[in-house]
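A short write-up of the structure that comes next.
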Amino acid sequence: MDADNPLASLQAASCTYRIALGPRAGQKVLSLRTIAGRDEKTTAALCANAHGFSLHAGVRCGAH
């Protein structure tokens, strides 16, 4: 770790998907990915649903 900037090593590990601390430091992190099933609906390009939130980028609201 860099004594001048202790977060630099943590940031570098995060950006490269590596474990930053402990006995497994430097090893790649396990990444889990899922593939959408055939029966799932595809969402529009401007709509995202994640962790209970829905974001619609193509919608706007008036000031009042």
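Every read-out reported here was derived from the displayed coordinates using simple, explicitly stated rules and does not represent laboratory data. Everything numeric in this text was worked out from a predicted model, so none of it was measured.
How much length, in nm to one decimal, is gained on full extension between residue 57 and residue 27, taken as 0.36 nm per residue of separation minus their Cα-Cα distance?
Here the segment from residue 57 to residue 27 would lengthen by 7.1 nm.
Taking amide H atoms as placed 1.01 Å from N in the peptide plane, list the residues 5 or more away in sequence, or in a different chain, whose amide H sits under 5 Å from that of residue 18.
29
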